[in-house]
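Data block below; observations after.
The values are calculated or read from the model by the stated rules, or taken from the named source; none is laboratory data. On a predicted model such as this, the values are computed, not experimentally measured, just so you know. A quick note on method: Cβ atoms are made from the backbone with ideal geometry, for glycine too, and the neighbour counts reach across all protein chains shown.
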Amino acid sequence: MSKSKRQATPQRPDEGKRKFLRDAGMLAVSALLTRPMDKVCVVVSDLIDTVATAGERAALASIVDVNRGIQLFAGNTNKLAAVAGTPGISPYLRSAAKSFGAFAITALGDAKHFERVSEEDARLALDDKSSDLILLGGPVANSLGAKFTAHNFVQVNEGDREILLPIFNHSNGLRWGFYCGSLAYGSWGDKVRKARRYENGEEVERPLYGLWDLKESRKHPQPFFVDGDGFLQEEALLITRVSNPYSRVGTITTIGGVHGYSAQAFFSQSDANLKQLLLLTHGASAYQVMVPVRLLHDHSIRHTSGQVDWNGAKIVITAA
């Protein structure tokens, strides 16, 4: 071989994945250039419009149609928080919604096509043929999202008060759902189990939840793991995308866990995690994905955070 001839540069291990994302992104941009964008005329004032990249559009396409507008409802119906006298959106979901909003506007290239909506407006959005709807938060926090992930609310007596408990419907066709208790929040049999973690710099005990995997068992949900000191070590993020049954156009995507850490961890790195989701779903428009989330406790500053584990992610492609 001639010394003047250049040797081929070794390809990085993840270069193939990057090339796929670039190619998919160019297809998404091509679609945008040939099809008019439906318009949603609400601007999120605290987020700025930036130039979109092909890769970001492709990543966003894993949960919405990038040719349409996006309406986002972050759940604010946490039953336990309401009973404790602190109703409203959790700080974890608030952080997740803000992070996703910034990313969505960047990906779309126009703030007018992204809208944060109230629960009332989210219900009205079900009949909106111009937008896809994203419901942020698990069944405890987002009662509307619970509806589209096969969780039905049952009224039970907990001590001297009546509460609404989300129960996963096994006949709905979804593989995964959350277990929040059968007699009370965190009830396993006739006992209420709790786990420790940190919130706002304070150590707290909260009900222990779990996960149904109907492929593994229809009789027994799996509780999330708690270490020997009583600290919660894991939860799960469920991403469920279905066709909108009301408008017959567009999709509804519910993204959430049961403690808030999972959604916050996912959207704190929206670009990277949505690209991982894109690789997993292969462009499917209807699916359910289960992503394990590790909980990390920094005892020195009394702080708990989540870490998404894509190595353990599983997917079921469903009928559109």
Within segment 79-93, identify whether any single residue is surrounded by 15 or more Cβ atoms within 10 Å (Cβ to Cβ), of a type outside the set (Asp, Glu) and modelled with pLDDT of 90 or more, and answer yes or no. yes
Could you tell me whether any residue of segment 286-309 is assigned to a loop (DSSP other than H, G, I, E, B), modelled with pLDDT under 95 and more than 15 Å from the chain's Cα centre (by Cα)? no
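Table: residues versus (1) assigned to a loop (DSSP other than H, G, I, E, B); (2) over 16 Å from Val226 (Cβ atoms); (3) touching a Gly at 6+ places or on another chain (Cβ under 6 Å); (4) among the basic types (Lys, Arg).
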| position | (1), (2), (3), (4) |
| --- | --- |
| Ile167 | no, yes, no, no |
| Leu174 | yes, yes, no, no |
| Gly177 | no, yes, no, no |
| Trp212 | no, yes, yes, no |
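Anything in segment 201-210 that is in a strand (DSSP E or B) and either without any contact (Cβ under 8 Å) to a residue 40 or more places away in the chain or of a type in the set (D, E, K, R) (or both)? List them, or say none.
Glu202, Glu203, Val204, Glu205, Arg206, Gly210
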Within the group Leu183, Leu164, Leu174, which residue is among the hydrophobic types (A, V, I, L, M, F, W, C) and within 20 Å of the chain's Cα centre (by Cα)? Leu174
With respect to the numbered conditions (1) surrounded by fewer than 22 Cβ atoms within 10 Å (Cβ to Cβ); (2) not in a strand (DSSP E or B), which one is the sole condition not fulfilled by Asn152? (2)
Count of residues meeting criterion [under 30 Å from Asn67 (Cβ atoms), buried (at least 22 other Cβ atoms within 10 Å of the Cβ) and in contact with a helix residue (DSSP H, G or I) (Cβ under 9 Å, 6 or more places away or on another chain)] in segment 248-269: 11
Taking the stated definitions as given, is Lys129 surrounded by fewer than 18 Cβ atoms within 10 Å (Cβ to Cβ) and touching a Ser or Thr at 6+ places or on another chain (Cβ under 6 Å)? yes
